[in-house]
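A short write-up of the structure that comes next.
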Amino acid sequence: MSTHIYIQLGKLGDILNILPVCQADKLNGLDPTLMVSRKYADILEGVSYVKPLIFDGEAHEIEQAVKIAQATGIQWKCTQVCGPPKATLEYVYKRTAPGTPNGITDSWQKESYRAAGQWGLWRKQPPLVFDKRNLERELALWEQHCQPKRRSVLLALDGETVPAPHKDLLVELITQRYKSRFQVLDLKGIKAERFYDFQTMFSKARCLVTSDSSFMHLARAVPSMPVLALQNDTPTPWHGAAWRPEHVFN
């Protein structure tokens with residue numbers, strides 16, 4: 001039986017952010033379960049260190065997810081710090097020691113670790129690990145879209161929550177500046193069987209230019225790839241992704 005449940009219904013980047021916490025628990029002899037919305041659940045097929053608990057609802061329906069977790073009789077923590085204010089206050093901040101009415105860190109990512117009781121782990125910058133990768137599938141994706149004799153500059157500027165402003169202009173400027181030396185590849189139109197299948201493409205790329213998107217969070221799994229991160233600052237900088245060691249520009 002699982003020792004505890006983390007409630008992190010979505011979105012994809014938020015789930016990627018909390019996975020290193022789950023792996024750290026597993027390495028310490030614990031047996032974590034992660035509750036996620038079905039829309040994002042297939043990301044957990046790439047990891048063995050967490051038990052999935054699929055929630056048949058939307059990512060904002062925290063109260064309903066808590067009721068399911070409570071019914072299991074297992075200890076639970078809600079790490080979903082981005083959500084309806086009333087629900088996050090009740091199920092995140094009132095349960096986080098020391099209890100506070102809102103976030104006390106400078107990023108939702110750090111706050112999610114704090115809600116998990118793992119604030120100290122953030123300072124260690126643990127890796128994002130997919131230990132059930134399909135390398136054959138990853139290589140096929142790379143071969144389908146990339147030119148083998150040219151390194152790629154990857155673009156991911158279509159964040160679901162906050163797309164990069166002036167995206168078309170930025171793509172044009174990057175393309176004109178670097179197309180003679182690199183393959184400039186926009187990831188928007190590329191469909192992978194599983195989102196984590198982009199890792200081989202990342203490992204062979206020159207860099208990733210990304211807005212605050214799930215690709216930015218997946219890049220933590222390939223720390224050798226430089227990331228130029230255009231972080232979200234609306235409605236506040238707290239809502240943007242935090243600095244990571246692979247970020248060469250924020």
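Summary of values
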item	result
Computed over segment 57-163: relative contact order in percent, which uses C-alpha pairs under 8 Å that are six or more apart	17 percent
Options (i) 1.10; (ii) 1.02; (iii) 1.38 - which one matches Cα Rg over 2.2 N^0.38 Å as calculated here	(ii)
Nearest-ten-degree value, helix 62-72 long axis tilted from longest Cα axis of the chain	60 degrees
Segment 150-228, accessible area per residue, ligands and nucleic acids excluded (1.4 Å, Å²)	47 Å²
Cα gyration tensor, segment 6-49 - rounded (a/c under 1.5), prolate or oblate	prolate
With DNA, RNA and ligands ignored, accessible area of His217 (1.4 Å probe; Å², nearest 10)	20 Å²
Computed over the chain: relative contact order in percent, which uses C-alpha pairs under 8 Å that are six or more apart	18 percent
Candidate lysines - alpha carbon under 25 Å from Lys77, same-chain residues fewer than 8 apart omitted	Lys11, Lys26, Lys39, Lys51, Lys67, Lys86, Lys94, Lys110, Lys124
Normalised contact order of segment 1-90, rounded percent, pairs of Cα under 8 Å and 6 or more residues apart	36 percent
Descending semi-axes in Å of segment 72-142, equivalent ellipsoid built from Cα gyration tensor	31, 15, 13
Most mobile listed residue (Pro20, Pro32, Pro235) in the chain, GNM with C-alpha springs under 10 Å	Pro235
Overall form of segment 113-189 per C-alpha gyration tensor (a/c, 1.5; a/b vs b/c)	oblate
GluC sites (Glu not before Pro) lying in DSSP loop within segment 122-190, provided at most 14 other Cβ fall within 10 Å	Glu160
Among Thr96, Thr105, Thr79, residue whose mean-square fluctuation peaks in a GNM of the chain (springs only between Cα atoms under 10 Å)	Thr105
Residues whose placed amide H lies under 5 Å from that of Arg151, excluding near-sequence neighbours	Gln183
3J(HN,Hα) from dihedral phi, segment 142-158, Karplus parametrisation 6.51/-1.76/1.60, rounded to Hz, x for glycine, proline	4, 5, 5, 10, 10, 8, x, 9, 10, 6, 9, 9, 8, 10, 9, 10, 10
Gyration tensor verdict on segment 145-205 (Cα atoms; rounded if a/c is under 1.5, prolate if a/b is larger than b/c, oblate otherwise)	oblate
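The values are calculated or read from the model by the stated rules, or taken from the named source; none is laboratory data. These numbers were taken from a predicted model, which means no experiment stands behind them. Neighbour counts run over all protein chains shown; Cβ positions are idealised from the backbone, glycine included. We work out accessible area using only protein heavy atoms, side chains counted, and drop any ligands, DNA or RNA first. Shrake-Rupley method; radii C 1.70, N 1.55, O 1.52, S 1.80 Å.
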